1. Determine the relative contact order of chain B: mean sequence separation of Cα pairs under 8 Å and six or more apart, normalised by residue count, in whole percent.
2. Round to the nearest 0.05 the FRET efficiency obtained for A:A85 and A:R130 when R0 = 60 Å and r is the Cβ-Cβ distance.
3. Would you work out the charge dipole size for region B:2-248 about its Cα centre, treating the Cβ of every Lys and Arg as +1 and the Cβ of every Asp and Glu as -1, and quote it to the nearest 20 debye?
4. Do any trypsin sites (Lys or Arg not before Pro) in region B:234-306 lie in a loop, going by DSSP, with at most 14 other beta-carbon atoms within 10 Å of their beta carbon, and if so which?
5. Listed highest first by mean packing, meaning other Cβ atoms within 10 Å per residue, what order do A:64-75, A:85-96 come in?
6. Would you please give the residues with an amide H less than 5 Å from that of B:A216, counting only those at least 5 places away or on a separate chain, with H modeled from the backbone geometry?
7. Using 0.36 nm per residue of separation minus the Cα-Cα distance, give me the extension gain between B:D167 and B:R280 in nm, one decimal.
8. Given charges of +1 on the Cβ of Lys and Arg and -1 on the Cβ of Asp and Glu, with all other atoms neutral, how large is the dipole of the protein assembly as shown about its Cα centre, in debye to the nearest 20?
Amino acid sequence: MGDTEPLVRWDWIGRNWPGIQQLLTDHIVMALVPVVLGLVIALPLGLASARWRVLYQPTVGLMNVVYSLPSLAVFIVLIPITGLAERTTVIIPLTFYSLAVLIPAVVDGLGAVPDSVRQSAVAMGFGPMRRLLQVDLPIAVPVVLAGLRVATVSSISLVSVGALIGRGGLGYLFIDGWQRQFYTPIVVGIVLVVALAVLADGLIVLAQRLLTPWARARRTA
Amino acid sequence: MITFEGVTKRYGDGTVAVDNLSLQVPTGAITVFVGPSGCGKTTSLRMINRMIDATEGRILLDDQDIREIDPPTLRRGIGYVIQQAGLFPHRKIVDNVATVPYLLGWDKKKARARAMELLERVGLDTKLAGRYPFQLSGGQQQRVGVARALAADPPVLLMDEPFSAVDPVVRASLQDELLRLQAELHKTIVFVTHDIDEAIKLGDTVAVMRVGGHLAQIAAPATLLAEPADAFVEGFLGKDRGIRRLSFVPASGLAVSTERGVPGWSVALDENERPIGWRRDGADGLQPFGTFDLKKDSLRTALDAALLAPPGSAIAVDGDGRFAGVVTREALDEALRRAGQVPGDG
């Protein structure tokens, strides 16, 4: 890499755009599928933990242990089962990471339902299921979405690690740039990952504003 | 009518919250459960809509044992107002009020129309209907809570310390509002409070409870003030029982002199015949005065009006505030003597 090498070679980007787009799509899928799966799994587990408090500490403890596992180690364990350079191999550990964030978010969200609200719901004659769907869950939404923001942004960032097993979405650009001592792919990769994270975060915030206009007081407080 | 028959609530650890409670809550009147914390008043209230189930004894709602009714069905037929209002933060005011109608499967339009009608009824601007609870003051939220409890027009209303979280001025106006509503609606209301003054102001019947879930006394407020059953009730009622009891003696029994004065003093009136002060014979300037409404006020207000004025006499006025007569000290003395003799019989 000579002194005259510029930080970004625009012509390289132009020539490789179709490939970059493919990596971007792959990245989005591998980042978002774990978050969606995580949310789908975290809801029942979180509900159960909120209902039977004894389950809460073991569940969160287990999730934290999972969270502490190095992703590379998990990849190595999974490769014989799900295959090298496969999306599934990346999606599985990322789903667990999402769960570690989302389960406490669901439990905290349900915990944010004021006691007087819960009691008045019972006293008005809500049955358990109806109360959950029409009172508890809607009130938990702001806290759950706050967790979802963290889970989404970290998932987008973490996908890159998959490049080590040949499936890292935009992470490929980092390996490629590093191996060739060529800055452009690295810069493109960073810019796109950050842009993706900011965009996803912004969309969730927007959804939050639209879904929970009633929570403005709590947000500004 | 709600009847408690030997109702006991005992928890797993042996704590007795309510001990062998037997009493009747009459239809169309306000019954207040009052007592210090730990006396079981809230537990008793919550047993009525089965938020808590009694361990022993039974509760009858118009002769039907409430255990025979499925809890959600029972609760939809009983209005409930809770201390912090407990409004649903994610629902607009109109939908909060329409909660029970929605649960009962009313058509949305009809439920909302009913909610708007109730907002007006509890003295709220219908412009608030589209707001969320956090945009309302504590007093407004509590009014919404009352509207919500009334939405499906339940015959019974349970109120669990509904006004204790708001400031005294707002509390007084909410209490007046409740009395005004009750005069129109005639609900069977069970009201829980730890504030004896609130109990005396609102209750047609007051049940005083003591720690351990015992009923100490149940009586009309005037009777309670005149004849507390024991030292606990007397202590709980506090000072000035004699004076406070005069609130329940109507002033209409007073002997009113239609002369515009008493010896040495005359009542000065403005051009609308409304009193503006006492004038001492042969002196200029006006002295302080007090008035009471002959038809609406109590003996206590009349006495207060007399105590405020240098001549020691009270000025009676009609509903429009016009001079109606003078009550002399002697007439007051006579009324006070009568009031002291037979409790609750002014």
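Please treat every number below as a calculation from the coordinates, not as lab data. Computed from a predicted model, the values in this text were never measured in an experiment. Neighbour counts are summed over all protein chains in view; Cβ atoms, including those assigned to glycine, are modelled from backbone coordinates with ideal geometry.
1. Relative contact order comes out at 17 percent.
2. 0.80
3. 920 debye
4. On the way: sites: B:K239, B:R241, B:R244, B:R245, B:R260, B:R279, B:R280, B:K295, B:K296, B:R300; in loops: B:K239, B:R260, B:K295, B:K296.
Within region B:234-306, the qualifying trypsin sites (Lys or Arg not before Pro) (loop, at most 14 other Cβ atoms within 10 Å) are B:K239, B:K295, B:K296.
5. Details: A:64-75: 13.5, A:85-96: 20.8.
Highest to lowest by the protection proxy: A:85-96, A:64-75.
6. B:V208, B:M209, B:R210
7. Full-extension gain reported as 36.5 nm.
8. Computed charge dipole of the protein assembly as shown: roughly 1580 debye.
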